[in-house]
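In what follows, a single structure is set out as structure tokens and then discussed.
The values are calculated or read from the model by the stated rules, or taken from the named source; none is laboratory data. Please read these numbers as outputs of a predicted model, since none were measured by experiment. FYI the Cβ positions are ideal-geometry reconstructions off the backbone, even for glycines, and counts take in every protein chain you see.
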Amino acid sequence: MTLDDFKATLGDPEPPPGLTAALAALWHDGRGDWDAAHDAAQSISDPDGAWIHAYLHRKEGDESYAAYWYRRARKPTASGPLQDEWTEIATALLSPME
């Protein structure tokens, strides 16, 4: 699945089948459902989940908690536009699926 394919599913009522938990969390955020994205991210215990968790808390405005999750993800604390980070995460998570 390409990034464009993934973005095209954001208008669908449900995430596409076969998404990883991390991509499903990002899909919910892409649809504007922060709570569903956060709920999904909380169940992911790997660095990808931590990265999404960091992004979500940065989006929420909780910079200190976001910094904690960036450390858990082993990623530098992001400071650019949120949409750019969403795209970066999606691209990284979609790469193994191509």
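Filter region 41-51 down to the residues that are assigned to a helix (DSSP H, G or I) and either closer than 17 Å to Leu94 by Cα or at pLDDT 95 or above (or both) and list them by number.
Answer for region 41-51, where residues must be assigned to a helix (DSSP H, G or I) and either closer than 17 Å to Leu94 by Cα or at pLDDT 95 or above (or both): Ala41, Pro47, Asp48, Gly49, Ala50, Trp51.
Residues of region 52-87 being over 21 Å from Leu3 (Cβ atoms), of a type in the set (Ser, Thr, Tyr) and either in contact with a strand residue (DSSP E or B) (Cβ under 8 Å, 6 or more places away or on another chain) or part of a helix (DSSP H, G or I) (or both), which ones?
Of everything in region 52-87, those that are over 21 Å from Leu3 (Cβ atoms), of a type in the set (Ser, Thr, Tyr) and either in contact with a strand residue (DSSP E or B) (Cβ under 8 Å, 6 or more places away or on another chain) or part of a helix (DSSP H, G or I) (or both) turn out to be Ser64, Tyr65, Tyr68, Tyr70.
What pairs come out if I take residues in region 5-28 that are free of Cβ contacts under 8 Å to residues at least 40 places away in the same chain and on the phi < 0 side of the Ramachandran plot and pair them with residues that are of a type outside the set (S, T, N, Q) and outside any helix (DSSP H, G or I) whose C-beta lies under 6 Å away, six or more apart or interchain?
So the pair list comes out as Thr9/Pro16; Leu10/Arg31; Ala21/Ile44; Ala24/Pro15; Trp27/Pro15.
Would you point out the residue of region 10-25, among those that are assigned to a helix (DSSP H, G or I) and in contact with a helix residue (DSSP H, G or I) (Cβ under 7 Å, 6 or more places away or on another chain), that is surrounded by the fewest Cβ atoms within 10 Å (Cβ to Cβ)? Give the derivation first.
To start, the set of residues in region 10-25 that are assigned to a helix (DSSP H, G or I) comprises 10-11, 21-25.
Still in the list and also in contact with a helix residue (DSSP H, G or I) (Cβ under 7 Å, 6 or more places away or on another chain): 10, 21-25.
Details: Leu10: 13, Ala21: 16, Ala22: 22, Leu23: 23, Ala24: 21, Ala25: 29.
Out of the qualifying residues, it is Leu10.
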